[in-house]
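See structure below.
The values are calculated or read from the model by the stated rules, or taken from the named source; none is laboratory data. Note that the structure is a prediction, hence the values are computed from the model and not measured. We place every Cβ from the backbone using ideal geometry, glycine too, and count neighbours over all the protein chains shown. The area values use the complete protein model at the heavy-atom level, side chains included, leaving out ligands, DNA and RNA. Shrake-Rupley method; radii C 1.70, N 1.55, O 1.52, S 1.80 Å.
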Amino acid sequence: MKRFILEQSETEFYTSHSGLALVGLCLNRYGQLNQALEKGIPLRHGISHADIIKSSIGTLCLGKSDFEAIENHRNDDYFKAALSIQQVPSSARLRQRLDEHADALLPIVYQSNIDFLAHAQVPVTPLATGHVALDIDVYPMNNEKTRKEGVSRTYKGFDGYAPIALYLGKEGWCIGNELREGKQHCQYEFRYSLERGLVAAKRLTALPLLVRLDSGHDALDNRIDLHEADQVDFIIKWNPRKQDVEVWLAHAEQHGQWTAPREGKRVALFSVTEQHPRNGKTYTFRRVMQIIERSITPQGQQLLMPDIEIEGWWTSLDGAAHDDARIIALYRDHATAEQFHSEFKTDLDIERLPSGKFATNDLIMTLSAYSYNILRWIGLIGLLGEQSPIRHPAKRRRIKTVIQELMYLAARLIRSGHRLKLRFSQGCPGFIAFESTYAKLAVG
């Protein structure tokens, strides 16, 4: 085996994260962070708020969520040039500034995230029904054995947080990622999150929305709010709440359409309507029901007593155009949101949040949503065409793939006069995709 001779250049500068040039274009061309921060939070001296926020987003886009990660870029000229930063903060300064101004920074960063999606004119792909999906879901984040503010027992049985995320379209654009205490019920303060999410979604698409919620949001108030909203339909998983399965089975025998997917299993589908008076009005809602009766297990074991399972889905979609099976299929696609949750927790590494303060961690969650959208947009532009590095066919790339293929491309930084040049290696597999993506972002 040949041994390598190791040496360090005294004059040349290399970067392992050339993809930050793409992130910088997204932030500075579409996000309008500088103007909003200067106007919203005046600063007399010190590192600007914009440099603080951009530094945080820069490290998040490299998959690093801890404050200490910024120390690796204190003397990194490329990091500053790529993100248009005047001064990179220390980890202590970064933590302190976010702690001091978390409440004031949060709405500005949130609005900049929505501005980025709107100004970049990101594609928002509808469903086959013509609706754009708006998936809203709570997911747990494990922060056990910590004393962070707001950490408490989640519904998954461990200590942590239970944030709520809002994803728009088949691409899964994140238009909200709000931190919540682990013990907080998903319905608590939900109507505020829904109202804000609908406003953001309607700014990004003129198509009707289809809001999809799980059974934790099975509340009459939610159905009424969505019913009265303009150009909004919904599918909400029904919460049986101690229903008598025998009564529903008898109803299915009379009114259901039965199928037998296999021996010992029968499935019935039917719809029911319910009327609810509220505020002097009477609201009528459709609920799709599915009854499953199993007398034989998939392994062939005969059951002494049949196992009966009932499920239901509230919907505002018309039964003539959308039959029962289609409603169930549309809701099952809601499970795609679970993948987006995992990209936050693993690809962006934010499951164990870095601060002990709740407000700061809430800001980190919104910054992570901003970073997620930037990486998603870069992935759609650069990693789905014929010029992208060889990968299996897909309609979108995971955030981890974007980080691997485009963020961590090694390059040499060359200064020529007053210009900066990135020189990639001869065999760089991602150069064509990088060059094409940069050109599209720079012109947009």
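If you roll a 1.4 Å probe over the range 132-348 with all protein chains in place, what percent of the accessible area is carbon or sulfur?
Values: 5070 of 10480 Å².
Carbon and sulfur atoms account for 48 percent of the accessible area of the range 132-348.
Using the Cα atoms of the range 132-348 to build a convex hull, what is its mean projected area in square nanometres?
Working: hull surface 61.1 nm².
In nm², the orientation-averaged hull projection of the range 132-348 is 15.3.
With +1 on each Lys and Arg Cβ and -1 on each Asp and Glu Cβ, how big is the dipole of the range 132-348 about its Cα centre, in debye rounded to the nearest 20?
Working: 28 positive and 33 negative charges, 71 e Å.
Dipole magnitude for the range 132-348 comes out near 340 debye.
Based on alpha-carbon centroids, what's the gap between the range 121-156 and the range 1-56 in Å, whole number please?
28
What percentages, rounded to whole numbers, describe P(r) for the chain computed over all alpha carbon pairs with 10 Å bin width beginning at zero?
4, 18, 26, 23, 15, 9, 4, 1, 0
Where Rh is the Kirkwood radius over the Cα pairs of the range 221-369, the temperature 37 °C and the viscosity 0.692 mPa s, what D in µm²/s does Stokes-Einstein return?
Values: Rh = 18.8 Å.
This corresponds to a translational diffusion coefficient of 175 µm²/s.
Given a 1.4 angstrom probe, what's the average accessible area per residue across the chain, in square angstrom? All intermediate terms of the calculation are to be shown ahead of the outcome.
Values: 22100 Å² over 444 residues.
Per-residue accessible area for the chain comes out at 50 Å².
Cut-off 20 Å, label point 7 angstrom out along Cα-to-Cβ of residue 215: give me the residues of the range 140-167 whose amide nitrogen falls inside.
140, 154-158, by backbone N distance to the label point.
With each run of n ≥ 4 DSSP H residues scored as -39500 (n - 2.57), what mean residue ellipticity at 222 nm is computed for the chain after dividing by its residue count and rounding to the nearest 500 deg cm²/dmol?
Taking each H run of at least 4 residues, the total per residue is -11000 deg cm²/dmol.
Take peptides 371-378, 346-353 and line them up by average Cβ neighbours within 10 Å, highest first, as a rough protection proxy. Before the final figure, lay out the partial values.
Numbers: 371-378: 26.1, 346-353: 20.0.
In decreasing order of mean packing, 371-378, 346-353 become 371-378, 346-353.
Using the structure shown, select from 183/242; 148/345; 39/345 the pairs with a Cα to Cα distance greater than 28 angstrom. Mind dumping the intermediate values first?
Numbers: 183/242 23 Å; 148/345 17 Å; 39/345 33 Å.
Among 183/242; 148/345; 39/345, the Cα-Cα distance tops 28 Å for 39/345.
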